[in-house]
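A short write-up of the structure that comes next.
The values are calculated or read from the model by the stated rules, or taken from the named source; none is laboratory data. These numbers come from a predicted model, not from an experiment. Note that we place each Cβ from the backbone using ideal geometry, even for glycine, and neighbour counts take in every protein chain shown.
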Amino acid sequence: MELLRSLIFVPGNRANMLERALDFDADIIMVDLEDSVPAAEKVNAREVAREWVPKLQEAGQRVMVRLNALDTGLTRDELAAVISPHLYGVSVGKTESAWDLQEIERIIAPLEARAGLAPGQVKIIPWIESAKAMVNVHAMASASPRIIAIAFGAEDFTNDMGIQRTDDGDEVYHARATVAIAARAVGVASLDSPYVAFRNPEGLRKDAGVARQLGYTGKFAIHPAQVETINELFSPLTDDVAYARRVMDAWYEAEANGRGSLALDGKMVDVPVVKRAQNLLALVDEIEH
Ligand code: GLV
Ligand code: MG
């Protein structure tokens with residue numbers, strides 16, 4: 001499983017911004033053909049993306065493209081433009097059902113074969129950003145083995161619900177949690193909506209902290225200044241790692257003495273605590289290698 005802590009959006013029609021993305025530190029560069037690209041620029045953005053996906057990948061980036069929703073009529077041409085051995089996968093805006101994802105798979109499969117890729121190589125991240133998608137989220141997350149993560153879009157979701165979007169996000173708390181739980185149930189990653197106030201680092205830290213505590217494994221960025229905070233918040237914290245190492249040491253010692261639980265810093269350590277420590281150390285291993 002590849003790291004998916006930070007995914008930075010770059011508008012697909014902006015070659016100057018794509019050039020800057022050669023040096024971004026995010027886990028994924030998400031070239032956007034959807035809502036950051038104006039209608040009149042959609043075709044141009046597709047051509048710019050066709051050219052820039054290989055350049056970014058050759059510079060060492062892992063690259064995905066966000067496509068317009070199926071009902072725009074643009075999705076097929078966008079897939080045809082961007083599928084190549086340089087592309088890691090696609091995310092698709094405003095997907096609403098397992099059927100939508102099967103339709104996207106039907107379009108991808110022959111393009112993938114034509115590009116000389118193995119079946120299933122092109123990954124998919126569906127966006128869950130409407131009431132209908134929220135109701136179907138479990139079926140969507142398990143609709144295809146290509147799905148590596150599901151993404152929550154708070155802006156579109158609040159629009160669809162006809163409610164205000166606020167900075168503290170109380171209005172999306174339940175929906176946001178629903179997406180993280182569905183992802184966990186299916187065993188895929190969960191990616192939180194971007195924090196749009198990109199000049200407010202404290203706000204980002206708080207918002208990402210809530211997402212992390214809801215179970216999210218990563219978050220979108222809309223500005224390069226957000227990437228470091230996101231990577232930090234979705235990596236194990238130094239104190240937690242040190243504690244996990246102590247738990248494992250104490251556990252091996254207890255095991256050697258025939259005991260199934262022990263006390264550490266005045267707290268009981270038993271199997272679930274040990275599993276948490278093991279999972280955390282496995283993630284550290286993944287980040288370091
Ligand atoms: C992102 O796509 C959102 O709608 O918030
Ligand atoms: Mg959206």
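For the stretch 79-130, residues that are more than 18 Å from F9 (Cα to Cα) and basic (K, R) total 2. The single condition among (1) surrounded by fewer than 17 Cβ atoms within 10 Å (Cβ to Cβ); (2) within 16 Å of ligand 2 (Cβ to nearest atom); (3) β-branched (V, I, T) that T238 does not meet is (2). Taken as a whole, the structure places G12 among residues that are over 18 Å from the mean Cα position of the chain (by Cα), within 16 Å of ligand 1 (Cβ to nearest atom), more than 23 Å from G116 (Cα to Cα) and surrounded by 16 or more Cβ atoms within 10 Å (Cβ to Cβ). The set of residues from the stretch 154-163 being within 13 Å of ligand 2 (Cβ to nearest atom) and among the β-branched types (V, I, T) comprises just one member, T158. The set of residues in the stretch 164-196 being away from ligand 2 (no atom under 16 Å from the Cβ), under 19 Å from the mean Cα position of the chain (by Cα) and not in a helix (DSSP H, G or I) consists of G187, V188, A189. Name the residues in the stretch 82-137 that are touching an Asp or Glu at 6+ places or on another chain (Cβ under 7 Å) and either surrounded by 21 or more Cβ atoms within 10 Å (Cβ to Cβ) or modelled with pLDDT under 95 (or both), would you? Within the stretch 82-137, I83, G93, K94, V122, E129, A133, N136 meet the criteria. Give me the residue from the stretch 118-148 that is in contact with a Lys or Arg (Cβ under 7 Å, 6 or more places away or on another chain) and in a loop (DSSP other than H, G, I, E, B) and, out of that set, nearest to ligand 2 (Cβ to nearest atom). So, considering only residues that are in contact with a Lys or Arg (Cβ under 7 Å, 6 or more places away or on another chain) and in a loop (DSSP other than H, G, I, E, B), the one nearest to ligand 2 (Cβ to nearest atom) is E129. All but one of (1) small (G, A, S); (2) more than 25 Å from E2 (Cβ to Cβ); (3) within 15 Å of ligand 2 (Cβ to nearest atom) hold for A151; state the number of the condition that does not hold. Exception for A151: condition (2). Taking the numbered list (1) crowded, with 18+ Cβ neighbours inside 10 Å; (2) among the hydrophobic types (A, V, I, L, M, F, W, C); (3) over 17 Å from V210 (Cα atoms) in turn, L191 passes all entries but (3). In this structure, does K219 turn out to be modelled with pLDDT of 95 or more and in contact with a strand residue (DSSP E or B) (Cβ under 7 Å, 6 or more places away or on another chain)? So K219 passes the test.
Flag: G89 does not match the condition of being touching a residue at least 40 places away in the same chain (Cβ under 8 Å) and within 16 Å of ligand 1 (Cβ to nearest atom). In the stretch 202-237, what count of residues is obtained for those that are closer than 17 Å to I8 by Cα, in a loop (DSSP other than H, G, I, E, B) and not aromatic (F, W, Y)? Count: 4. The set of residues in the stretch 158-175 that are within 15 Å of V135 (Cβ to Cβ), in contact (Cβ under 8 Å) with a residue 24 or more places away in the chain and either more than 11 Å from ligand 1 (Cβ to nearest atom) or touching a strand residue (DSSP E or B) at 6+ places or on another chain (Cβ under 8 Å) (or both) comprises M161, A175.
Filtering the stretch 51-93 to residues that are within 18 Å of I222 (Cα to Cα) and not in a helix (DSSP H, G or I) leaves Q61, R62, V63, M64, V65, R66, L67, N68, V90, S91, V92, G93. Applying the set (1) surrounded by 15 or more Cβ atoms within 10 Å (Cβ to Cβ); (2) outside any helix (DSSP H, G or I) to R199 leaves exactly one unmet item: (1). Residues in the stretch 247-277 that are assigned to a helix (DSSP H, G or I) and either touching a residue at least 40 places away in the same chain (Cβ under 8 Å) or exposed (fewer than 14 other Cβ atoms within 10 Å of the Cβ) (or both): D249, Y252, E253, E255, A256, V271, P272, K275.
In contact with a strand residue (DSSP E or B) (Cβ under 8 Å, 6 or more places away or on another chain), in contact (Cβ under 8 Å) with a residue 60 or more places away in the chain and over 20 Å from I150 (Cα atoms): is that true of F24 in this structure? Spelling it out, F24 is indeed in contact with a strand residue (DSSP E or B) (Cβ under 8 Å, 6 or more places away or on another chain), in contact (Cβ under 8 Å) with a residue 60 or more places away in the chain and over 20 Å from I150 (Cα atoms).
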